[in-house]
Structures are given as C-alpha cells and as structure tokens.
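The next block holds one structure in the form of structure tokens; read it before the comments.
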Amino acid sequence: MRKWLLITTAVVGVWIVPTEAHAGVVIGAVTTLAGWFAGLAPLAQAAIQLGAGLLLSAATARTPSQQDLKRELTLSTERPAKRWIYGHFATTGTPAPWRVKNNRLLGCIIFNSRPSAGTNLTFTIDGRECVFAARGTGTELTDPNDWEYLFDFSSDGELVKIKEKFPDWDANETQALFWLGLGDQTAPPAYFTDNYPEYFSATDAWRGCTVLWVSLSAGGSVSKRPKRWPNPKPQIELAMDWSMVWDPEDEAQDPDDPDTWTFSDNQARCLLDAVRFNPVRAYGPDQMVLSSFTDAVPLAEEPVTRWHDSVDAGETVTEPRYRVAGVVDWTKGELHDLLQPLAAAGAGQLAVVGGQLSYIPGAYQQPVYTMSDILDDSAVDFRRLGPRREVPYALKGTWTSAERYYETAELEPRLISGGSTSADDIEEVALPLVPSGTQCQRIVKIEAGRRAAQKRLSCTLPPSAIALVPGASLTGALPSPFTRLNGGWQVEKANPSVWVQDGEGRARSVVLRVPVTLREYSASIFDWDPETDEQEILSQDLSGENVELGTVEGLFATTIELDSGGAVVLMVEFSFDAITDYVVDEYEVGWREDGETVFVPLPDIPDSAIETSTVVGQFGPVAFGKSYDLRVRAVGPTSEGLWSYALGIVAGLELSSVSGSVGAMPGTVEVDATTPDSGYFDGVRLMRAATGDPYSSAVQVGQDVPLAANAAHSVVFGNVDYQELLENGDFGSATGWTEGGNWSISGGQASHTVEGSPADLEQAVSLIAGESYRVITDVASAGSGSTFPKLVGSSDVSGADYGSAGLVGHVLVAPASPTAFSIEASSLSTAVLNSVSLHRMTSADIPAGEADFWVVPYTKTGTNGTPTLLGTFTIT
C-alpha cells in the first residue's frame with residue numbers, strides 16, 4: 001500500500017516557467033533535491049509545487065459605470081485621482097482648480113494622467129455643442145490644421161464659440177479660450193502667468209498629463225451668468241483619441257519608449273499597456289507571460305461584420321473584433337478588479353501561472369494535450385451540473401454607447417442553455433469599457449456559452465501533462481469505463497508537484513503528479529453568425545434609457561397670491577417644458593432662500609402625472625420681499641439631466657399704480673406704473689394670453705424694458721421704432737397713389753363707387769420678399785361688395801375683406817419680387833376709408849387681435865415678480 005502525506009513545512013517556491021515546462025526539466029530539478037529528501041523521517045513524503053496556476057474569475061467587486069466616474073472626476077480635490085483614458089471617448093475632467101478674476105472664469109482641467117494623441121477632437125460646454133472660430137470674423141474652423149493656437153502655449157489661445165445663440169452675448173465678446181496640453185507641456189500658457197500671476201506660476205505645468213486650460217467669460221452681470229452657465233462650475237467634456245500604446249507588431253515601436261507608440265483602441269494592446277505600466281503595481285517582464293498578451297493583438301484587430309448596418313448600407317460594414325474606450329480610475333479598487341474590465345472587453349480571461357500573470361484571449365484555444373490516462377492516486381470528482389448561482393436564466397449585457405452620449409446601454413437578455421428556470425434570474429454582464437453594442441453582444445454570447453458548459457472534472461494527471469497551464473485546452477481520449485470524461489476541457493487550475501513516496505520497505509522514489517481542475521470547453525462557445533446572432537439596436541432605443549437628458553428648457557417662475565381660508569398666502573409658481581425626446585421617470589425640484597447653500601427638495605414630479613407639454617408646480621408660502629432660487633432636473637432610468645436654475649425669485653416684487661391701454665402706434669401697448677423700491681428690481685415685461693386664459697398660459701410679447709426702481713414710468717411695449725412705408729396714408733393728398741377705376745381721394749378719405757370691374761388703389765413701395773408687414777386700415781364704411789388690402793409682386797398676397805367699419809388689422813407676407821401695396825375693390829364696392837398704415841413687423845410687434853395682457857416686473861437675474869392684469873385689449 002502506498003501512502004501519500006503532505007508535509008506542510010515542505011519547500012515551496014521552485015518555479016518552472018509554465019510555457020516552457022517540460023518533464024525533463026522537472027526531473028532534473030527533482031534530482032538536484034534528492035539529498036534533501038534523503039533526510040526526511042520514515043513514512044513521510046513532501047511535495048514541491050513547481051508551477052501552480054489559477055484561472056482568475058471575473059471581478060466580484062463591481063467597477064463604477066463610466067457616467068459615475070465622469071461625475072466624480074468633475075469634483076475639485078487636493079489630490080486628483082490617477083486616471084487613464086483609452087480609445088476614443090468623451091469625458092469630463094478634474095479642475096485644478098477654478099479661479100475667478102473680474103468677469104473671467106479661469107482654470108486648468110486634468111483629463112488624462114498621461115500623454116494623449118489629441119486627434120479627432122470635439123467638445124461641449126454644459127452639454128452644448130461648441131466649435132473653434134477664427135478671430136475677428138468668428139468663422140467656424142472645421143479643419144484641425146487651422147487650430148494653430150490650441151497647442152501653442154505662447155499664444156492667446158484658440159477662440160471657442162458655443163453654437164447655441166444667446167441674446168446676452170456681446171457682439172465682440174470673447175466667450176471662451178482653450179489651450180490643450182497633450183503631456184509635453186513644460187509650463188502653463190503665458191496668458192495665465194502673465195495676466196494672473198497671483199493664481200498661476202510657471203511650475204503649474206502638469207507635465208506628463210493631458211490638461212485643458214480655459215478662460216471663460218463669466219458674464220458682465222449676475223443676471224447673465226446662470227443663462228450662460230447652467231452649472232455653477234461649467235462642465236467641459238472632451239471627446240478625442242486618448243492614450244498611445246505600444247504595438248508589438250510594429251518593429252519601429254520600442255516597448256519601453258512611449259515616444260514611439262501610437263494611438264489605438266485595440267483591446268489587447270490597451271490591456272497589455274495597463275498591465276505593464278499601471279501606477280498601482282506594474283508587472284515587469286519576469287512577472288507576466290508577455291507572449292500571451294502580444295499574441296492576442298491580431299485577434300482584437302480582426303474585422304467582424306455588423307449585419308444590420310451592412311443591410312442598411314447595401315455593402316459589408318465591419319468593426320474590429322475587440323475595442324476599448326473609457327476611463328480607468330486607478331484609485332477605485334484592487335488592481336485585479338481594475339484590469340478585469342479591460343480583459344472582459346476582449347471576452348478574455350486573466351490567469352496566474354507560476355506566479356506570472358497571463359491572458360487567455362476571447363477565442364477558441366486549440367488543444368495542447370490529449371488526456372488518455374488519469375492517475376488513481378487521488379479521487380476523481382466529476383460533476384455534470386454547475387452551481388445554480390453560476391447558471392442563471394439569462395445574461396443581460398451592458399456597454400458604454402457612443403450613440404447614447406457615452407452612457408450605459410443594455411441589450412435584450414440572452415438565454416443560457418440549461419440555465420435557471422426562473423425568468424427573474426437574469427444576471428448583468430457589465431462591460432463598461434466596450435464602446436460597441438455588437439461587440440457587447442459577441443462577448444455576452446461567449447459568456448453564455450461558458451455558463452452553459454457546466455461539466456467539471458477534478459483529477460490527477462501523469463507527468464506528461466506538465467505543460468498544462470490555466471486556460472489551456474485539452475481533449476479526452478480515455479478508455480472504457482471513463483469515456484464519459486472525454487470531450488473538450490479547459491484548465492481552471494493546475495498544480496504540478498514533485499512528491500516523495502514512501503515505498504514501505506523499498507527505496508523512496510520521487511514522482512511527478514499534475515492535479516488539475518477542468519471545465520467543459522468547446523469551439524462552439526465562440527461561434528458567431530452575424531446574420532442570426534446579432535440583435536438589431538434600433539435608433540429609437542437610443543433615446544429610451546441611460547442618456548444624458550440635458551437641461552430642462554423654458555423654466556419660468558413668478559410669485560402668486562392664494563386665498564387660504566380668507567388669508568392671502570404668497571407662493572412661487574414655476575413651469576417648464578416637459579422633455580418628450582427621452583424617457584423621463586420624474587423631475588427633481590429644489591428651492592432655497594437667498595444666502596443659503598443647500599437646496600430643499602420638493603416632492604418629485606412623476607412623468608406619469610404630466611399630461612401636457614408644460615409642467616407646473618408651486619412652493620411656499622414665501623416671505624414678501626425675500627429672494628429665492630429654484631432648480632429642476634430630469635431623472636431617467638439610470639441617469640440624470642443637468643440642473644436648470646431660476647435665480648432671484650423675489651416674493652411679492654410688484655408694481656403699483658398700474659394702468660394700460662392700446663398704444664397710439666400700431667402694434668403697441670402703453671403702460672403707466674410705479675416700480676417697487678427693491679434692489680432686486682431691474683425692469684418690466686409684457687405678457688399675453690388668449691382671452692379668458694390664466695396667467696400661467698401667458699407668453700412674453702414685446703421687449704424687456706429696463707427701468708429705475710421706486711419711480712413712476714410710462715412705457716410703450718411693441719415696435720417703438722415703427723416706420724411708416726406709405727406716403728399720404730391719411731389721404732390728405734392723392735400724391736403717391738394711383739387711383740384705378742372708380743377710386744378717388746378727396747376730403748381726407750378714399751372712396752370707391754360701383755363700376756363694371758374690380759379696381760385697385762395702389763402705391764409703389766419698397767418691400768422685402770418673405771418679410772411680414774402689418775396693415776392697419778381705419779374703415780369709415782365697408783359698404784357693399786368686397787374691399788381688401790394686398791401686396792403686389794410676382795404673385796399677389798391678399799388680406800381678408802374689411803367687412804365692417806373701424807380699425808381693421810392685417811398681417812401680410814411679401815411675395816417674391818414685391819413692387820407695390822394696393823387696396824382692391826370689387827365692381828360692387830362702395831367702401832370709404834379714413835386712413836391706411838403699412839409697416840414692416842419686427843419681433844417687438846405685439847400680435848394683432850384680442851387678448852388679455854399683464855405687466856410683470858423682473859429681477860436682475862431675469863426672474864419674474866408678481867404680474868398685474870392690464871385688461872383685454874384688441875391690437876390692430
């Protein structure tokens with residue numbers, strides 16, 4: 001009988017490089033230890049572990065999503081996190097820090113803790129698209145070769161323009177200036193050290209890092225700043241090609257000289273880069289199996305067909321098999337947990353073999369060993385089914401989608417063959433560094449195949465299996481009765497060991513054994529047919545979940561008085577436009593009193609409760625004369641939008657001694673009022689709603705009118721720059737008019753009598769095609785027949801019949817090639833007109849027709865105070 005005993009004090013640490021392990025080498029190593037074994041006591045044996053290995057499982061600690069990382073990296077900190085950005089990706093950075101001087105917001109933002117390529121650059125500020133522009137002309141610079149100041153730290157910076165139009169930007173104002181340092185900078189831009197030496201010194205270079213230096217126009221007044229910058233600290237997001245990594249297939253690149261490297265999103269190259277150079281614990285040449293990483297580079301670059309895109313394009317569309325894009329924050333966990341997402345992006349597995357880190361890529365590995373014998377020195381453990389927790393009903397893959405503004409997107413669940421019978425048992429496969437939905441699908445299918453392969457085998461193999469390492473593939477060729485153990489297997493664990501055997505009276509012998517743990521394995525796990533396996537990712541899905549929801553638009557707030565059981569309560573009523581483009585679960589609302597720093601949350605407004613395009617709410621009661629701030633943002637299934645603010649809502653800011661009337665000039669309203677004695681007050685504006693509708697449905701018309709506080713004023717809203725286009729529109733003379741047919745001008749009136757055919761009263765005027773013109777006619781008598789105004793051109797544009805006496809208004813759009821204004825009378829017309837007026841309309845014109853009007857004061861931050869009803873007016 002043979003006895004096998006393990007001495008716990010036995011020597012361990014005699015390592016053989018796994019990829020070069022051979023039985024002859026092992027036996028030689030054993031022979032050199034024979035003298036040591038001779039000194040062991042009788043009935044004892046020892047084991048020396050020669051090349052133990054373990055296939056590492058996927059990280060159990062969940063790494064943060066990319067949107068969570070982006071949010072955290074925007075926070076100011078004394079010790080900015082070490083972060084590397086791989087691939088082409090859009091991300092925010094860490095301020096180091098922000099400074100404000102006069103009306104300029106200044107800062108340096110750390111994006112990548114290493115040099116970057118900087119190619120294919122686009123950027124946004126607070127989610128708004130921006131461009132570089134030529135100085136002086138403001139012309140957009142679309143060619144990167146024209147961005148000559150962006151990388152020149154001795155220049156005044158590259159001019160940035162936000163593509164949205166802002167009414168409060170001064171015409172020649174420098175909105176923003178950028179300087180981009182790609183890691184080779186040796187000092188800050190001279191603009192900062194020359195103009196702001198109290199904040200920046202020559203040592204603030206952030207050498208070796210990718211940083212963006214910015215100078216922004218904060219706004220000339222407090223009221224402008226929240227309009228320009230929805231976030232208290234502007235969020236600048238850069239999308240570009242980031243880290244440069246070594247290409248082992250390019251002989252011109254030195255693996256230890258970053259200056260020779262090139263940009264790539266190749267998953268294997270990026271993983272190798274992270275393993276070799278990470279700032280946590282870089283692996284040296286003796287601590288890793290280098291060839292296992294370099295051999296995976298061509299696989300990651302292989303083109304794979306995107307089936308549905310190919311169908312849409314009418315030609316074959318491909319993508320590289322395995323790419324990566326995203327941020328790795330080296331402070332967010334253990335090194336293994338941080339490397340795992342990079343390996344998972346290639347459907348690969350990390351392994352430790354003989355103390356060295358190796359990589360098994362996401363492709364079928366050809367067998368390196370045929371299992372024709374199993375030693376009976378230890379038990380054989382064979383299981384057909386794996387633990388239920390490892391085999392769920394389905395897997396649901398998630399990835400970081402560029403089409404969804406680099407937010408998390410998810411696939412339809414993929415069922416696991418032989419998995420759980422509970423449809424609720426769906427496990428997420430998080431792939432935060434995968435930039436493609438089709439790549440995510442391929443990886444999830446591979447993982448589902450691995451989970452479905454449930455057979456497990458633990459046994460001891462003979463010395464011929466010494467070459468087996470974790471991740472290696474083998475086939476079974478065992479004779480009966482062990483044929484059920486045949487098939488494909490992958491090594492999970494391998495612990496080749498030298499054993500000293502007590503021969504019970506015979507001389508001791510030294511033997512080699514290879515205990516292994518195997519899992520079921522086959523080429524079918526990696527099969528992929530684009531036509532049948534690829535899920536279609538519809539464009540409408542991209543606005544469904546996990547998108548950056550942007551800023552709530554149309555936020556409006558005012559104070560109102562409510563009758564609460566006979567007592568008047570002052571409240572703030574707010575409204576904003578509901579978001580209909582994306583899925584919104586609810587809206588978060590908060591308010592604070594002036595001087596406070598923390599917003600008090602109001603009950604969330606569920607999207608399901610919103611039945612119109614406008615969301616309306618209230619908070620209060622509020623104190624008269626005090627100022628309040630309000631903020632609102634949308635919340636989606638897994639992401640939030642940006643905050644939108646209404647600042648300086650003054651409770652009870654109200655006009656007194658108010659009266660109003662239709663203005664003397666066409667399209668105007670005149671208001672008399674006394675303004676409040678308040679430092680918050682800035683001016684008045686006019687609001688209009690359909691007759692009988694509440695103030696909450698009113699919209700602003702006319703222009704803002706700045707006024708002094710605590711004074712009586714007379715204000716005209718509307719087109720105060722009214723320019724009459726007709727000569728003798730009061731019919732005091734016929735000069736300028738052509739009297740056709742039975743038209744005649746006399747005694748301050750124009751009249752028409754019955755005749756045999758229609759006729760025009762016409763005057764040549766200079767008009768602009770496509771522009772709107774207002775016609776106001778004082779009709780003494782409409783008479784019989786029909787009479788109406790028109791604009792004459794290549795085709796005439798006519799208004800409605802006057803119909804009755806009084807002031808009658810028309811708005812006409814000038815036709816192509818306009819030449820004249822005329823009033824056409826039918827043959828039966830007997831109309832008599834007192835006067836007619838024509839002018840070109842502007843945005844200041846008050847719309848014609850009957851409506852209710854209010855005048856409302858506004859604060860220095862542009863927020864409305866308490867409205868005063870003027871009455872119902874008919875504007876002509």
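The values are calculated or read from the model by the stated rules, or taken from the named source; none is laboratory data. This structure is a prediction, so every number in the text was calculated from the model and none was measured. Here the Cβ is made from the backbone with ideal geometry for all residues, glycine too, and neighbour counts use every protein chain on show. Remember, those area values only see protein heavy atoms, side chains included, never the ligands or the DNA or RNA. Shrake-Rupley method; radii C 1.70, N 1.55, O 1.52, S 1.80 Å.
Using a 1.4 Å probe, what is the accessible area per residue for the chain, in Å²?
44
Taking the Cα centre of the stretch 786-865 as origin, sum charge times position over the Cβ atoms of Lys and Arg (+1) and Asp and Glu (-1), and report the length of that vector in debye to the nearest 20.
Computed about the Cα centre, the dipole is about 280 debye.
Decide, for the stretch 300-348, between rounded, prolate and oblate: order the square roots of the alpha carbon gyration tensor eigenvalues as a ≥ b ≥ c, take rounded if a/c falls under 1.5, and otherwise choose prolate if a/b is larger than b/c, else oblate.
It comes out prolate by the Cα gyration axes.
May I ask you to order 129-142, 834-847, 259-272 by the average number of other C-beta atoms within 10 Å around their residues, highest value first?
The packing order, highest mean first, is 259-272, 834-847, 129-142.
Can you pull the percent of Cα pairs in the chain with separation above 44 Å?
It works out to 53 percent of all Cα pairs.
Any idea what the relative contact order of the chain is, in percent, if you count C-alpha pairs under 8 Å spaced at least 6 apart?
It comes to 10 percent, rounded to a whole number.
Based on alpha-carbon centroids, what's the gap between the stretch 70-97 and the stretch 731-761 in Å, whole number please?
Using only Cα atoms, the two centres lie 76 Å from each other.
Would you mind getting me the FRET efficiency between T262 and R128? Use the beta-carbon distance for r and R0 = 56 Å, nearest 0.05.
For R0 = 56 Å, the calculated efficiency reads 0.95.
Using 7 Å Cα-to-Cβ label points, what is the N486/E739 separation (nm, one decimal)?
So the two model labels end up 11.8 nm from each other.
Please report the carbon-and-sulfur percent of the accessible area for the stretch 104-163; probe 1.4 Å, protein heavy atoms only, DNA, RNA and ligands left out.
47
Starting from the Cα-Cα distance between L725 and D577, subtract it from 0.36 nm times their residue separation and give me the gain in nm to one decimal.
49.3 nm
By a straight-distance test (C-alpha under 19 Å), which aspartates and glutamates pair with K860 as possible cross-link partners, with residues fewer than eight away in the same chain excluded?
Qualifying aspartates and glutamates at Cα under 19 Å: D168, D170, E573, E593, D594, E596, D629, E654, D677, D682, D704.
Using a 1.4 Å probe on the protein heavy atoms, what percent of the accessible area of the stretch 672-774 belongs to carbon and sulfur?
Accessible surface attributable to carbon and sulfur in the stretch 672-774 totals 46 percent.
I'd like the chymotrypsin sites (Phe, Trp or Tyr not before Pro) in the stretch 609-658 restricted to DSSP loop residues with at most 15 other Cβ atoms within 10 Å, sorted by number.
F624
Can you give me the angle between helix 437-452 and the longest principal axis of the chain, using Cα atoms only, in degrees from 0 to 90, rounded to the nearest 10?
Orientation of helix 437-452: about 40 degrees from the principal axis.
Distance check, please: which entries in K455/K493; K101/K161; K82/K445; K70/K101; K82/K233; K101/K233 exceed 25 angstrom between their Cα atoms?
Check vs 25 Å cut-off fails for K82/K445; K70/K101.
At a Förster radius of 30 Å, what calculated FRET efficiency corresponds to the Cβ-Cβ distance of D295 and T203, to the nearest 0.05?
Efficiency, rounded to the nearest 0.05: 0.10.
Could you work out the Kirkwood radius for the stretch 340-439, taking every pair of different alpha carbons, averaging 1/r and inverting it, reported in Å?
With all distinct Cα pairs of the stretch 340-439 included, I get 16.8 Å.
What is the spin-label model distance, in nm, from H336 to E390 if the labels are put 7 Å beyond Cα along the C-beta direction?
Here the answer is 1.6 nm between the modelled labels.
For D425, tell me the accessible area in Å² from a 1.4 Å probe, rounded to the nearest 10.
Here the residue's solvent-accessible area equals roughly 60 Å².
Restricting everything to alpha-carbon atoms, can you work out Rg to Rh for the stretch 94-164 with a Kirkwood hydrodynamic radius?
0.96
Could you give the angle, 0 to 90 degrees to the nearest 10, between helix 335-344's Cα long axis and the longest principal axis of the Cα atoms of the chain?
Helix 335-344 sits at roughly 80 degrees to that axis.
Of the heavy-atom accessible surface of the stretch 258-410 (probe 1.4 angstrom), what whole percent is carbon and sulfur?
Reported share for carbon and sulfur atoms: 48 percent.
In nm, to one decimal, how far is the modelled label at S522 from the one at A780, with both set 7 Å along Cα→Cβ?
For S522 paired with A780, the spin-label model returns 10.2 nm.
Quick one: angle between helix 267-277 and the longest Cα principal axis of the chain, in degrees between 0 and 90, rounded to 10, please.
Tilt relative to the chain: about 70 degrees.
What residues of the stretch 657-700 lie in the reach of a label at E593, counting those whose backbone N is under 20 Å from a point 7 Å from the Cα along Cα→Cβ?
What the label zone holds, given the 20 Å backbone N cut-off, is 678-681.
Helix-derived [θ] at 222 nm for the chain: sum -39500 (n - 2.57) over DSSP H runs of at least 4, divide by residue count, nearest 500?
-2500 deg cm²/dmol
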